[in-house]
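Following: one structure in structure tokens, then a few remarks.
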Amino acid sequence: MARISASDALALFQESDLLGLGQRADEARKLLHGDGVVTYIIDRNINYTNICVSGCLFCAFYRTAKSGEGYVLSSEEINEKIAETKDVGGVQILMQGGLHPTWRIGEYEKMLREIKAEHEIHIHALSPPEICHIAELSGLSIKETISRLIEAGLDSIPGGGAEILVDRVRSRLSPNKCNADKWLEVMRSAHGLGLKTTATMMFDHIETLEERIRHMERLRELQDDTGGFTAFIPWPFQHGATALGKSGVEKKTGSLDYLRTLAISRIMLDNIPNIQASWVTQGSKVSQMALFFGANDMGSTMLEENVVRAAGVSFRLSEKEIRGIITDAGFVPRRRTQAYALLPEPA
Ligand code: SF4
């Protein structure tokens with residue numbers, strides 16, 4: 001299948017009928033995942049703190065240090081959450097927090113080391129805005145920061161905080177967070193140091209369709225250079241209790257826009273092997289349909305999820321339900337690792 005240009009992808013998005021677009025994405029998915037396997041991972045989101053100086057307009061999760069509602073998880077609490085995760089077959093923890101006003105790299109090294117001392121578990125942690133923030137407060141380069149975090153136990157980096165990789169959008173939504181170039185620099189450095197990462201896109205707010213496509217194009221360009229992205233995870237902005245939602249930015253579209261965006265991402269990102277369906281924002285029915293619009297992965301079982309829930313969305317699915325969604329759609333469910341290696345079937 002020939003690579004599609006950004007302008008052709010935009011035209012396809014705007015002009016193609018939904019089913020035709022889905023069919024094309026499904027063909028692209030089959031080229032990479034013709035075996036009908038749909039994967040998922042057992043893991044838990046651990047938000048080590050909600051104290052954050054960034055104040056992103058779309059975020060209902062963060063609290064300021066002075067709010068009285070901020071928290072920092074203790075080592076004991078983190079250990080307990082990991083032990084619970086392992087008890088149900090979990091192989092990974094996803095750790096993200098706010099941009100803490102005072103923590104320097106030593107705090108994060110300590111947290112990672114303490115986890116590795118207690119547990120054999122993959123640590124998928126610290127998205128690019130967190131890495132940039134740590135580097136800045138610690139007076140280190142991005143590369144030095146990531147190297148030290150790897151040394152302390154970091155295994156891979158989640159692609160959070162990408163939102164839309166266009167600074168017109170970022171400067172309005174999250175002016176205190178790293179810009180698009182910095183986000184990409186973190187990922188380039190991580191890939192150069194041998195880490196795999198994911199990439200995300202939060203859409204359906206103030207961005208144009210052209211900017212959505214530009215986001216994908218920038219990821220594709222970096223992936224051509226490094227090959228370090230394992231998966232792309234798009235989801236629509238959850239308006240709920242966020243400053244942006246309250247400011248009157250309306251949800252433009254619903255599930256159909258999600259499926260169209262997902263399909264375009266599968267067609268456009270021909271060099272990123274996996275596309276995740278977002279059941280946590282879309283629920284079971286739409287995430288099942290997503291499997292026919294380019295997705296080959298259901299993401300995490302999310303034993304714990306705080307960020308989307310804070311915005312007022314509360315889809316919950318058990319592993320059994322996730323497997324049922326996959327099987328009922330005619331696919332084969334398989335547990336996986338963060339590196340997309342298939343794991344033995346649960347007993
Ligand atoms: S999205 Fe992240 S960086 Fe932005 S306010 Fe929320 S916790 Fe802070």
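Computed values, structure above
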| read-out | value |
| --- | --- |
| Failed condition for C178, given (1) surrounded by 21 or more Cβ atoms within 10 Å (Cβ to Cβ); (2) away from the ligand (no atom under 16 Å from the Cβ) | (2) |
| Residue match in segment 127-141 (condition: at positive phi and surrounded by 20 or more Cβ atoms within 10 Å (Cβ to Cβ)) | no |
| Residues located in segment 162-175, provided they are closer than 21 Å to G97 by Cβ and either buried (at least 18 other Cβ atoms within 10 Å of the Cβ) or within 18 Å of the chain's Cα centre (by Cα) (or both) | A162, E163, R170, L173, S174 |
| Qualifying position, being among the acidic types (D, E), without any contact (Cβ under 8 Å) to a residue 24 or more places away in the chain and more than 16 Å from the ligand (Cβ to nearest atom), among E76, E27 | E76 |
| Condition check for G55: part of a loop (DSSP other than H, G, I, E, B) and within 14 Å of the ligand (Cβ to nearest atom) | yes |
| Residue in segment 37-51 that is surrounded by fewer than 15 Cβ atoms within 10 Å (Cβ to Cβ) and out of contact with any Asp or Glu (no Cβ under 7 Å at 6 or more places or on another chain) present | no |
| Hey, T64 over 22 Å from the mean Cα position of the chain (by Cα), within 16 Å of the ligand (Cβ to nearest atom), free of Cβ contacts under 8 Å to residues at least 60 places away in the same chain and over 25 Å from H215 (Cα atoms) or not | yes |
| Segment 167-214, subset in contact with an Asp or Glu (Cβ under 7 Å, 6 or more places away or on another chain) and hydrophobic (A, V, I, L, M, F, W, C), residue farthest from I264 (Cα to Cα) | L173 |
| Subset tally (residues that are within 16 Å of the ligand (Cβ to nearest atom), part of a loop (DSSP other than H, G, I, E, B) and touching a residue at least 60 places away in the same chain (Cβ under 8 Å)) for segment 125-161 | 3 |
| Residue list for segment 88-120, filter: in contact with a helix residue (DSSP H, G or I) (Cβ under 6 Å, 6 or more places away or on another chain), part of a loop (DSSP other than H, G, I, E, B) and either charged (D, E, K, R) or more than 18 Å from K182 (Cβ to Cβ) (or both) | R104, H119 |
| G22 surrounded by 15 or more Cβ atoms within 10 Å (Cβ to Cβ) and either in a helix (DSSP H, G or I) or basic (K, R) (or both) | yes |
| Members of segment 268-288 found to be in a helix (DSSP H, G or I) and buried (at least 19 other Cβ atoms within 10 Å of the Cβ), listed by number | M268, W279, V280, T281, Q282, V286, S287, Q288 |
| Subset tally (residues that are at pLDDT 95 or above and among the acidic types (D, E)) for segment 222-256 | 2 |
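The values are calculated or read from the model by the stated rules, or taken from the named source; none is laboratory data. Not measured: the values here are computed from a predicted model. Because the Cβ atoms are built from the backbone with ideal geometry, glycine has one as well, and the counts that use them run over all protein chains shown.
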